[in-house]
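Scroll down for the structure; my scribbles are underneath it.
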Amino acid sequence: MAKCRGCDKEIEWIKTPTGKAMPVDVEVITIVTLKGEVVKGHIPHWATCPAAQRFKRK
Ligand SMILES: [Zn+2]
């Protein structure tokens, strides 16, 4: 399993529909979309990473 270079937390890499790799938190959560659909998914890691500022600057 991969680890975040910024905060050392375990992450997973998900492929987006555009073929890009996106780092996400390992936990799967259930959310309701704005359309009322219930879906399961991961939180993008940059949303929770305390070191996310560093990614943007790169
Ligand atoms: Zn991180």
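Pairs of lysines 8 or more apart, or on different chains, with alpha carbons under 28 Å: count those in the chain, would you?
18
Given 5 Å bins starting at zero, what is the percent of C-alpha pairs of the chain in each, up to the one with the largest pair distance?
4, 18, 23, 24, 18, 8, 5, 0
Hey, what's the chain come to in accessible area per residue, 1.4 Å probe, Å²?
Numbers: 4830 Å² over 58 residues.
Averaged over the residues of the chain, the accessible area is 83 Å².
Would you work out which of Pro17, Thr33, Met1 lies farthest towards the positive end of the dipole of segment 1-42? Charges go on Cβ: Lys and Arg +1, Asp and Glu -1.
Of the listed residues, the answer is Pro17.
Run lengths n ≥ 4 of DSSP H only: what is the helix-derived mean residue ellipticity at 222 nm for the chain, with -39500 (n - 2.57) per run over all residues, to the nearest 500?
Details: 2 runs with 10 residues, N = 58.
So the helix-based figure for the chain works out to -3500 deg cm²/dmol.
The values are calculated or read from the model by the stated rules, or taken from the named source; none is laboratory data. As the structure is a prediction and not an experimental result, all values here were calculated from the model. Heads up, the Cβs are rebuilt from the backbone with ideal geometry, glycines too, and the neighbour counts pull from every protein chain shown. To get the accessible areas, we keep the full protein, side chains included, count just its heavy atoms, and leave off ligands, DNA and RNA. Shrake-Rupley method; radii C 1.70, N 1.55, O 1.52, S 1.80 Å.
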